[in-house]
Amino acid sequence: MENFTPVTALAGGALIGLSAAVLYLGLGRVAGISGILGGLFAKGPERGFRLCFILGLIGGAAALYWGYQQPPAVVTQVSWPWLIIAGLLVGYGTRLGSGCTSGHGVCGLARGSFRSLIATGTFFAIALITVYMMRHVLGWGG
Amino acid sequence: MRTLITATVSGILFGAGLALSGMMNPAKVIGFLDLFGDWDPSLAFVMAGAMIVAMIGYRIGRHRSQPAFDSTFHLPTRTAIDRPLILGAVLFGLGWGIAGLCPGPAIAALVTGSTDILIFTAAMILGIVGFRVIGPH
C-alpha cells in the first residue's frame with residue numbers, strides 16, 4: 001500500500017462534500033457531475049448554473065494542479081480505442097442510470113437514497129470485476 | 001447572479017477536491033479498484049470524507065423550507081429500482097473499470113493537457129449526447 005495517501009484523500013473528499021453542501025443549501029441542487037453535464041447539453045433555462053459549475057470545477061482543478069511545484073502524475077492505463085469505448089460507456093451509462101460516482105455515490109448515499117445505494121453497489125461491483133478481469137485474467141497493464 | 005456565483009464556488013471546491021485527493025489520476029483510481037494488486041484504499045477515504053461533509057449539508061437542509069437562492073429544493077424524486085438504473089450502472093461500471101475515469105475526474109483532468117484524457121472526455125460527452133438522441137426517454 002505504498003501509494004496510499006489517507007490525509008489528502010480525506011481532505012480532498014471533504015472539499016467535494018463541501019461543494020455538494022454549498023450547491024444544495026445555495027441552489028437546492030444535487031452535485032452530480034453526469035447530471036450537470038447532461039443538463040448542459042439539453043435546451044433549458046438552467047444551463048447557466050451548470051456551465052458556471054463546470055467552469056469552476058475546471059478552474060479549481062487547474063489552480064491546484066498547476067500550483068504544485070511538480071504537478072502530480074496523471075497516468076492512463078489503456079490505448080485510445082479502449083479509452084473511446086470506456087468514454088462512451090461512462091457517458092451513456094451514467095445518463096441511463098441517472099448518476100455517477102458523485103450523484104449516486106457521494107450525494108445519493110449522503111441523503112440516504114436506496115436507489116443510489118443500489119446503483120453505487122452495482123457500478124462499484126462491475127468496476128472491481130472489470131479491473132480483476134483485465135489485470136489478472138487477461139493480464140493487461142500494471 | 002447569486003445563483004451563478006454559488007454554482008462557480010461549488011464547482012471550484014469540487015475541482016480542488018478532485019485535484020487534492022489524487023482522483024484525477026486514473027492509475028490511482030485503478031489502484032483502488034484492483035483489490036488483488038498493490039491495493040490503494042485512498043478512494044474509499046475520498047468517498048468517506050465527501051459523504052460525511054455532504055451529509056451535514058443535507059441535515060442542515062432538512063430544517064430549511066428552501067435553499068438560499070432558489071424557491072425550492074430540486075431533489076431526485078424517482079425511487080424505483082428499475083432496469084435503466086441497473087443497466088446504466090453496469091455500463092458505467094464497465095467503462096470506469098476499463099479507463100479508471102468517471103465524469104468529474106475526466107473533466108477536471110482536462111487541465112493536464114493529456115491527449116488521452118481529451119479523447120476519453122470527448123467520447124464521454126458523445127455518450128451523454130448520444131443518450132439524448134437514441135436513449136429511452
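The numbers here are math on the coordinates, done by the rules we state, and not lab data. The model shown is predicted, which means the values in this text are computed figures rather than measured ones. As a convention, Cβ positions derive from the backbone with ideal geometry for all residues, glycine included, and neighbour counts pool all protein chains shown.
Details
- Using a Förster distance of 25 Å, the FRET efficiency for B:ILE134-B:THR72 (Cβ separation, nearest 0.05): 0.20
- Kyte-Doolittle mean at least -0.5 and Cα axial length at least 15 Å: DSSP H helices in chain A: A:6-27, A:47-67, A:80-96, A:114-132
- Only DSSP H runs of four or more residues enter the estimate; each adds -39500 (n - 2.57), and after division by the residues of chain A the mean residue ellipticity at 222 nm equals -20500 deg cm²/dmol.
- Estimated [θ] at 222 nm from DSSP helical runs (n ≥ 4, -39500 (n - 2.57)) normalised by residues in chain B, nearest 500: -22000 deg cm²/dmol
- Ranked by how many other Cβ atoms sit within 10 Å of their own Cβ, fewest first, the residues A:ILE54, A:ILE36 fall in the order A:ILE54, A:ILE36.
- With the simple spin-label model, which puts each label point 7 Å out from Cα in the Cβ direction, the A:ASN3 to B:TRP39 separation comes to 1.5 nm.
- Positive minus negative residues near A:ILE54 (Lys, Arg vs Asp, Glu; Cβ under 14 Å): +2
- Rel. contact order, % - alpha carbon contacts under 8 angstrom, at least six apart, chain B: 28 percent
- Here the mean projected area of the convex hull built on the C-alpha positions of the protein assembly as shown is 13.6 nm².
- The simple spin-label model puts a point 7 Å past each Cα toward its Cβ; for B:ALA122 and A:LEU117 those points are separated by 4.2 nm.
- Multiplying each eigenvalue of the alpha-carbon gyration tensor of the stretch A:18-142 by 5 and taking the square root yields semi-axes of 27, 21, 15 Å, largest first, rounded to whole angstroms.
- For peptide B:66-77, the mean count of partner chain Cβ atoms within 10 Å of a residue's Cβ comes to 5.
- Across the stretch B:57-64, computed HN-Hα scalar couplings (Karplus, 6.51 cos²θ - 1.76 cosθ + 1.60, θ = phi - 60°) run x, 5, 4, 4, x, 4, 8, 10 Hz from first to last residue, x flagging Gly and Pro.
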